[in-house]
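The values are calculated or read from the model by the stated rules, or taken from the named source; none is laboratory data. What you see is a predicted model; the values in this text were computed from it and never measured. Backbone-built Cβ (ideal geometry, glycine too); neighbour counts: all protein chains shown. Please note that ligands, DNA and RNA were not included when accessible areas were found on the heavy atoms of the full protein model with its side chains. Shrake-Rupley method; radii C 1.70, N 1.55, O 1.52, S 1.80 Å.
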Amino acid sequence: MTRAEQRERTRRTLVAESRRLFAAKGYAAVGLAEIVRESGVTKGALYHHFEGKADLFRAVLEQVQQEVAARVVAAAEAAGDPWGRFKAGCAAFVTAGADPEIQRIMLIDGPAVLGWNDWRAMDEDASAEHLAEALADLVANGTIPDQPIAPLTRLLSGAMNEAALWLAQTATPGDLTATLAALSRLLESLRAPF
């Protein structure tokens, strides 16, 4: 194995073990000593790849956001027309957000660790941009009435993030199903004439 391959393997191991620990315990309850012990590396190796725990968390969050985006894209691509793809993608986001690991890392610890502005910028890059593109396409093809895309994107993104956070705090059976039904009704209301 080359040195470059070894470095990449070390980095992947640090991200994977940190993700497991952050998801299980939360960012605040995990120390660097535990991360390096569980990863089987030294603190020096960690600092070779990351500036510290927050930088490592950012890498974990980026990975989680990429995985959620891949789920959304896969669900959307499996649907038929543009409206069906839009609804399937939104439902996939809320469903992914119901996963406790994703909730903890992406929605609870993400804003707390990185700060609201950095988290929002990452959220914008990971999902809001795609949501805005989908909405613009729906306006362009006449599926929904012409309207400003930026505020609509933020309203829908906020609603879906909030729904996922609520799902993190409820243990009532059927809440995900009820949330997806409410989301469907909300999205269908976009098609109504103004």
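Please list, ordered by residue number, the helices (runs of 4 or more DSSP H) wholly in region 95-153 having 2 or more residues that are among the small types (Gly, Ala, Ser).
Qualifying helices (runs of 4 or more DSSP H): 110-114, 129-140.
Which one is farthest from GLU124 (Cα to Cα) among residues in region 24-55 that are in a loop (DSSP other than H, G, I, E, B), among the small types (Gly, Ala, Ser) and open to solvent by 20 Å² or more (accessible area, probe 1.4 Å)? Walk me through how you get there before you give the answer.
Residues of region 24-55 that are in a loop (DSSP other than H, G, I, E, B), as a first pass: 26, 30-31, 40-42, 50-52.
Now drop any that are not among the small types (Gly, Ala, Ser), which leaves 26, 31, 40, 52.
When the remaining residues are screened for being open to solvent by 20 Å² or more (accessible area, probe 1.4 Å), the result is 31, 40.
Working: GLY31: 29, GLY40: 34 Å.
The residue in question is GLY40.
Give the residue, chosen from ARG58, ARG7, ARG20, that is more than 22 Å from LEU114 (Cβ to Cβ) and not in a loop (DSSP other than H, G, I, E, B).
Testing whether each residue is more than 22 Å from LEU114 (Cβ to Cβ) and not in a loop (DSSP other than H, G, I, E, B) leaves just ARG7.
Please indicate, with yes or no, whether at least one residue in region 9-23 is out of contact with any Leu (no Cβ under 6 Å at 6 or more places or on another chain), buried (at least 19 other Cβ atoms within 10 Å of the Cβ) and small (Gly, Ala, Ser).
yes
Looking only at region 80-87, decide whether some residue is open to solvent by 30 Å² or more (accessible area, probe 1.4 Å), modelled with pLDDT of 95 or more, more than 20 Å from ALA168 (Cα to Cα) and under 18 Å from the mean Cα position of the chain (by Cα).
Checked against the condition, which is being open to solvent by 30 Å² or more (accessible area, probe 1.4 Å), modelled with pLDDT of 95 or more, more than 20 Å from ALA168 (Cα to Cα) and under 18 Å from the mean Cα position of the chain (by Cα), region 80-87 yields at least one hit.
All but one of (1) in a loop (DSSP other than H, G, I, E, B); (2) within 27 Å of ARG104 (Cα to Cα); (3) touching a Lys or Arg at 6+ places or on another chain (Cβ under 8 Å) hold for THR172; which doesn't?
(3)
Kindly indicate which of ALA164, ALA168 is buried (at least 18 other Cβ atoms within 10 Å of the Cβ), among the small types (Gly, Ala, Ser) and in contact (Cβ under 8 Å) with a residue 24 or more places away in the chain.
ALA164
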